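The block underneath contains the structure these notes are about, expressed in C-alpha cells.
Throughout, read-outs are computed from the coordinates displayed, never taken from laboratory work. Since this is a predicted model, take the numbers as computed values, not measurements.
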Amino acid sequence: MRNKNVAGFLLRLPKSTRSRAAEIAKEEGVSLNQFITLAVAEKLIRLAHSHAVQATAVTDVLAAQGKELTANQSKRGLIDWSGWNARG
C-alpha cells in the first residue's frame, strides 16, 4: 500500500552529482532516496530560517524609518526578497 503523503517524481541529476550523492548516502548508511529527501528538507529549513532573519531585518529598517510591516503584508508577499542577501 502506498503512503498518500508521499509524492514521487523523476529527478534528473548530472552523473557526477548522482555518483557523489550515492557515495555519501552509502557512507551514511542510508538510501540515495533518503539522502536526497534529507538534503531537500535541510535546504527548506535553511531558507525558512533565512527568510525569518530577513523579515526581522526588514522590520528593523522600517522601524528605524517610523514605519511598520503588518503580518498580512508579509503573508501576501509584499516583501520583495530578491534584493536581500542572506549571506550579509
Sequence order, the stretch 14-19: Karplus ³J(HN,Hα) from phi using 6.51 cos²θ - 1.76 cosθ + 1.60, θ = phi - 60°, Hz rounded, Gly and Pro as x, gives x, 4, 5, 5, 4, 4
How large is ³J(HN,Hα) for each residue in the stretch 38-43, as worked out from phi by the Karplus curve 6.51 cos²θ - 1.76 cosθ + 1.60 (θ = phi - 60°), to whole Hz, x for Gly and Pro? 5, 4, 5, 4, 4, 5
Starting from the amide H of V30, placed 1.01 Å from N in the peptide plane, find each other amide H under 5 Å away whose residue is 5 or more places distant or on another chain. none
